[in-house]
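Please treat every number below as a calculation from the coordinates, not as lab data. Note that this is a predicted model, so its numbers are computed, not measured. Cβ sites come from the backbone with ideal geometry, for glycine too, and all protein chains shown count toward neighbours.
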Amino acid sequence: MNILEIEIQTDQLLETEKFYIELLGFQLVSKNDDSITFKTGHSKLTFIKSENVNPKYHFAFNIPNNKLEEAILWAKSRLSLIENDENGIIANFESWNANAIYFYDNNNNIVEFIARHDLNNATEKPFDTSIIESISEIGIVTEKPIELAENLIESSGLYYFDKSTKNEQFAALGNDNGLFIIVETNRKWYPTEHKAEGHFCKVNIEIDGNIKEFLLNEKINR
């Protein structure tokens, strides 16, 4: 599964442009008065203007599997990384064979750089956001994660992530290239104390050669 584009909301469109272009160095694809789109490897990240919504999301980017330490140094020169329960900045996901770091963007979205060691994507290029592989994860918030996961599997050909376990509060669909992280409303987003909120999100994916679009929490508040 490949995530082609996610479309999410922001009350701070201009500040978001500055954060992602001036601070993180993302490549601008397009913008207008109501939205802005950035290139993120094989994916696109789009923010839609909202008003008085204060939306919060979690999403992740796959980075080359040999670039985590460089990514840490690069990120520390620009922003503060989020510490986890072990008082470190590196999250170790043994069953996923992956390591990750986290930070907040200007909207207080929880953004993740994750190095997945089962992907053959090592590079000799120095780290910056131009070597991001793709959007790796998008967090989806619902009252009943398993029910939504089963509906998506039945209707869209999605599948449970074979490296993850599911429960009533959490389910992961997809693979190392792209994942839907489905969580229960008010479940804390690791590694923070922020509770998961359901906000409008549109996701385009490619699965088995087919392009599919999903609208989650469809109402757009402006």
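Here the range 97-167 and the range 1-71 have alpha carbon centers that stand 14 Å from each other. The magnitude of the dipole of the range 2-216, with charges of +1 and -1 set on the Cβ of Lys/Arg and Asp/Glu and taken from the Cα centre, is near 280 debye. Length gained on full extension, Asn87 to Asn151: 19.3 nm, using 0.36 nm per residue less the C-alpha separation. For the range 87-191, applying the loop criterion from DSSP together with a ceiling of 12 other beta carbons within 10 Å to the GluC sites (Glu not before Pro) yields Glu94, Glu124, Glu143, Glu168.
Placing dummy labels 7 Å off each Cα toward the beta-carbon, the span from Asn52 to Leu79 is 2.8 nm.
Between Asn210 and Thr192, the modelled labels are 3.5 nm apart [label points 7 Å from Cα along Cα→Cβ].
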